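Q: Structure in structure tokens, see below.
The values are calculated or read from the model by the stated rules, or taken from the named source; none is laboratory data. This one's a predicted model, so the numbers in the text were calculated from it and none came from an experiment. Please note: Cβ atoms are built from the backbone with ideal geometry, for glycine as well, and neighbour counts cover all protein chains shown. To get the accessible areas, we keep the full protein, side chains included, count just its heavy atoms, and leave off ligands, DNA and RNA. Shrake-Rupley method; radii C 1.70, N 1.55, O 1.52, S 1.80 Å.
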Amino acid sequence: MTEEKINEEKKTTPVVAEAEKQEKILNALQSVLDPEIGLSVIDLDLIREVVFTPEEAEIKMVLTTPLCPYGPMLINQIQSASETAAEMPVKVTVLPDRWEAPPWLR
């Protein structure tokens, strides 16, 4: 096999790269626990969507309650764990309480 073909096989498509980064982020977020409930933000279904642009990732989430006293702490932990896992900047967006997943995510 030529060196060119080997290098070509090692390249990943953008979709595959995004899927791998998303999986890394979601796995890393298993370690971020809600301090009152003791469950991960993944198990509590607080993470609703992970979106990628060439420059950054965006995590869209909801809080357990509208005035969650630990909200800022959770957001910082989510951002930190995600940036480490994805090796890129991550923006965390808190969605309104009544946000519903689009039909293709239900």
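Q: Six or more apart or on different chains, Cβ under 6 Å: which pairs go from a residue in region 42-69 that's under 13 Å from P89 (Cα atoms) and in contact (Cβ under 8 Å) with a residue 24 or more places away in the chain to one that's open to solvent by 50 Å² or more (accessible area, probe 1.4 Å) and in a loop (DSSP other than H, G, I, E, B)? Could you list them?
A: Close Cβ pairs (under 6 Å, with a partner that is open to solvent by 50 Å² or more (accessible area, probe 1.4 Å) and in a loop (DSSP other than H, G, I, E, B)) amount to E56/P89.
Q: Any residue at all in region 81-97 that's of a type in the set (V, I, T), at pLDDT below 90 and open to solvent by 90 Å² or more (accessible area, probe 1.4 Å)?
A: no
Q: Further question: For region 25-46, give me each residue that is hydrophobic (A, V, I, L, M, F, W, C) and either open to solvent by less than 20 Å² (accessible area, probe 1.4 Å) or closer than 12 Å to Q77 by Cβ (or both).
A: Listed by number, the residues that qualify are I25, A28, L29, V32, L33, V41, L46.
Q: Pairs needed: first member in region 17-31, closer than 17 Å to V41 by Cβ and at pLDDT 90 or above; second member anywhere, assigned to a helix (DSSP H, G or I) and open to solvent by 70 Å² or more (accessible area, probe 1.4 Å); C-beta distance under 8 Å; at least 6 residues apart or different chains.
A: Filtered contacts from region 17-31: A28/T84.
Q: How many residues are open to solvent by 50 Å² or more (accessible area, probe 1.4 Å) and not charged (D, E, K, R) when one looks only at region 52-76?
A: Residues that pass the stated criteria total 11.
Q: Name the single residue, out of those in region 70-90 being touching a residue at least 24 places away in the same chain (Cβ under 8 Å) and of a type in the set (V, I, T), that is farthest from L29 (Cα to Cα).
A: V90
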